[in-house]
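Below: one structure, written as structure tokens.
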Amino acid sequence: MREEIITSGRMNPMIDPQLHIWHWHIPLYLFLGGLAAGILFFAALYTILGKEKENPTAVKIAPFITPILLVVGLFALFLDLNHQAYFWRLYTTIRLESPMSWGAWTLMVVTPISFIWCALNIKEIFPRWEWKFKFLYDLDAFFRKHLITMSWILLIFSLILGMYTGILFSAFNARPLWNTSILGPLFLTSGLSTGAAAIILMSKSHEERLRFARIDIMLIGIEMFLIVHMFMGFLASTQVHIEAAGLFLGGPYTTPFWLFVFTLGLAFPAILEVLELRKFKVPYMIAPMLVLMGGLLFRFIIAYAGQASRWLY
Amino acid sequence: MRYAMAVDTKKCVGCSDCVVACQTENNVPIGYCRDWIVEVTDGTYPQLEIEIRSERCNHCENAPCVRCCPTGASHYSDGGTVLVKKYHCIGCGACIASCPYDARFPHPDGYVDKCTFCLDNRVKKGMDPACVSVCPTKCMYFGDLDDPRSPVSQILKKRKYKTLIPEAGTKPHLYFLI
Ligand code: SF4
Ligand code: SF4
């Protein structure tokens, strides 16, 4: 038997909640970032492929919510900071070793592009919109001329953004649950999947919805595979990783994760989407809503469980 | 220069004097601490073994907190000590999440705080850190690992020691004599 006690009191998450340093802000920020990355990825992709006509929502409508998502996400990050008056320090340094740093910079690339993207498509929402000044027309023309270049930049940076939401966690070797490089691809897939779900929700065209349902099924499949793969990796690893996985395999996060994220947030919507493709009548809203809910919950659970996992000594 | 500290787990009685000395010396806000005492009991009664450790930031040579800090507020300073620049820190908590020893805490003023080895206030003036100098059993040794005559080098030559979770790859500079 081994018993370890801290006799003098210390800032420890088990004893003292202060060390549970990340609350709702970070998972929300990661969810919104991933969702925006997903939407922008599809917008850029179909622009590059020249398929704007077939995917009007993905290219022209859905990106309208991305500036909002990104700004709200950044605001959540800001609220999370304890030393808010020094927020600007984040943008006076670039530290490639620190995901928090290059992630914040990635957002500084993606957010302006998302605004430009909306400005270019503003007539879709307000058909009688006029740019009041000549230079705005010039700018509009400039970005239109370089639309494909901009789409490529957006495509790459949306992928980086999606990855980053996972890498932010996986860079911490102190939290064994997060310390797996699968988290990057996993969160990217989840972000793309929630992006596809948001497009389905907004789309008015049946064909586009079916196309994205197909994409979503594929993404969900990859995501489920990565999740299983992650736990297999943990169980084949060291004791700290086995115990980290234990949080989900019998531990306190078992039900929330396997029931709400894995079953209701992934498996069930995938089945609904398959049924829809098979021409069964299912209200098309249910599957994407569940995917979005699952994505949000997934990030909360990983953020909280990660902070409960630790090295043993 | 590589500052390090050795704590004798055979001599430490867990009186918490080091904790209080640090709180006083460094004006640590009430309710927080930069060092703490861990008591480990191993075995089944009556065969019990006990180990008492005074723990603090390990001033790691490969510090994850420095690596994760987005602003460079957490940095390596003189003698390899790991310090936080108050007015560069945005309080994002990345370093707290990245420390395997949970050695950091958010100061109520917003920035992140932790043990400094009393670098500026004592060590640079030729004194030992407050915790070392106050210990009633004299169980702590401080000094420069590169100087073979420093107390910490001397004791590490004589005694068996361990570091905490070396497998985390942090190369800690806090040694425990066993
Ligand atoms: S013990 Fe923690 S806070 Fe101290 S240097 Fe190592 S990782 Fe950083
Ligand atoms: S809380 Fe401060 S010291 Fe810690 S990582 Fe963030 S900016 Fe760096």
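Listing for the model above:
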quantity	calculated
Residue list for the stretch B:57-107, restricted to those being touching a strand residue (DSSP E or B) at 6+ places or on another chain (Cβ under 6 Å), within 10 Å of ligand 2 (Cβ to nearest atom) and of a type in the set (Ser, Thr, Tyr)	B:Ser74
Checking A:Leu79 against (1) more than 22 Å from A:Trp24 (Cβ to Cβ); (2) surrounded by fewer than 17 Cβ atoms within 10 Å (Cβ to Cβ), the condition it does not meet	(1)
Pair list, Cβ < 6 Å and 6+ apart or interchain, from the stretch A:105-122 residues that are over 16 Å from A:Ile156 (Cα atoms) to residues that are at pLDDT below 95 and outside any helix (DSSP H, G or I)	A:Ile122/A:Trp129
Long-range neighbours under 8 Å by Cβ, at least six apart or interchain, first residue more than 7 Å from chain A (Cβ to nearest Cβ) and touching a residue at least 24 places away in the same chain (Cβ under 8 Å) within the stretch B:89-115, second among the β-branched types (Val, Ile, Thr) and away from ligand 1 (no atom under 13 Å from the Cβ)	B:Asp113/B:Val28
Residue check for A:Leu40: under 29 Å from B:Cys95 (Cα atoms), at pLDDT 95 or above and away from every other protein chain (no Cβ under 14 Å)	no
Failed criterion for A:Ala58 (all others in (1) of a type outside the set (D, E, K, R); (2) within 20 Å of A:Met150 (Cβ to Cβ); (3) part of a helix (DSSP H, G or I); (4) without any contact (Cβ under 8 Å) to a residue 60 or more places away in the chain hold)	(4)
Counted residues, the stretch A:69-108 - those being within 12 Å of ligand 2 (Cβ to nearest atom), of a type in the set (Ser, Thr, Tyr), at pLDDT 90 or above and in a helix (DSSP H, G or I)	1
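Yes or no, residue by residue, for (1) more than 19 Å from the chain's Cα centre (by Cα); (2) of a type in the set (A, V, I, L, M, F, W, C):
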{"position": "B:Arg67", "(1), (2)": "no, no"}
{"position": "B:Asp78", "(1), (2)": "no, no"}
{"position": "B:Ile90", "(1), (2)": "yes, yes"}
{"position": "B:Cys95", "(1), (2)": "no, yes"}
{"position": "B:Tyr101", "(1), (2)": "no, no"}
{"position": "B:Asp109", "(1), (2)": "yes, no"}
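The values are calculated or read from the model by the stated rules, or taken from the named source; none is laboratory data. Keep in mind the model is a prediction, meaning the values are calculated, not measured. Note that each Cβ is placed from the backbone with ideal geometry, even for glycine, and that neighbours are counted across all protein chains shown.
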